[in-house]
Amino acid sequence: MLKQIYLKMLYWHNADRIGPDIVGTHWKLHFKASMLKLCRKKFKHFHDTADFRPYAYAVYCSQISIGKRVIIRPNTMLFADEFAEIVIEDEVMLGPGVHIYVNNHRFDNSGVPIIDQGYYESGAVVLKRGCWIGANVSILPGVVVGENAVVGAGSIVTKNVPPRTVAIGNPARVIKHL
């Protein structure tokens, strides 16, 4: 039993992820100084003015960059992988519950269970400076959200969003130019 506890603590310390399931480090997100120290260690880039709030998740932190004045709010999930990164540039606003994915399960062979089909090729996701992503938005692989663009709450973003536009819906589509 002591060996299991030791191995779990070692995993919590070394995991390339942050979230409530990583109990040994999650408590650090409740305090600014320990949050910054943890995030600087884990992420590819984490600006001193950024904030990663408790109950948010990040997988493959070493492939995620977070710019200045960005707040990662509770229930947000950032899923990078070893093949593609997530870049959140400076002054991006994110509502709670935003999900960002760089890969997706294959499902093109109906004779094979989806769980056994692997993944499509990963694609980086970039949120350009000053964009605003509403609450509960899902952003799928390979998407770039342009500078100062707005994505409405609850949208599912499957394609790039041009700069200075408003996109909403499932799938998200541009409804307005700013």
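The values are calculated or read from the model by the stated rules, or taken from the named source; none is laboratory data. Since this is a predicted model, take the numbers as computed values, not measurements. Side chains are part of the model used for accessible areas, which takes the heavy atoms of the whole protein and leaves out ligands, DNA and RNA. Shrake-Rupley method; radii C 1.70, N 1.55, O 1.52, S 1.80 Å.
Here the alpha carbons of region 58-156 define both size measures, Rg and Dmax, at 14.0, 48 Å. Compute the angle between helix 32-42 and the longest alpha-carbon principal axis of the chain, please, reported from 0 to 90 degrees and rounded to the nearest 10. The two axes meet at around 80 degrees.
The H on the amide N of V150, modeled in the peptide plane, is under 5 Å from the matching H of W132, T165, V166, A167, each at least 5 residues off or on a different chain. Can you tell me the orientation of helix 2-14 relative to the chain, as the angle in degrees between its alpha-carbon axis and the longest Cα principal axis, to the nearest 10? Its long axis makes an angle of about 40 degrees. Remark: accessible surface ordering of L2, L94 (largest first) is L2, L94, probe radius 1.4 Å. Using a Gaussian network model of the chain in which every pair of alpha carbons under 10 angstrom is joined by a spring, one finds that among S138, S34, S65 the greatest mean-square fluctuation is at S34.
Checking the table K28/K68; K44/K68; K8/K44; K32/K68 against a 18 Å threshold on Cα-Cα, which pairs fail?
K28/K68; K8/K44
Keeping all protein chains in place, calculate the accessible area per residue for region 135-178 (probe 1.4 angstrom), answer in Å². Before the final figure, lay out each step's value.
Working: 2300 Å² over 44 residues.
Ligands and nucleic acids excluded, the result is 52 Å² per residue.
Solvent-accessible surface of region 45-120, taken per residue with a 1.4 Å probe and all protein chains present: 50 Å². Test of understanding: in a Gaussian network model of the chain with alpha carbons linked when under 10 Å, which of G95, G118, G19 would top the mean-square fluctuation ranking? Result for the chain, Cα springs under 10 Å: G118 fluctuates most. When the solvent-accessible area of region 1-71 is split by element, carbon and sulfur atoms take up 62 percent of it, the probe being 1.4 Å.
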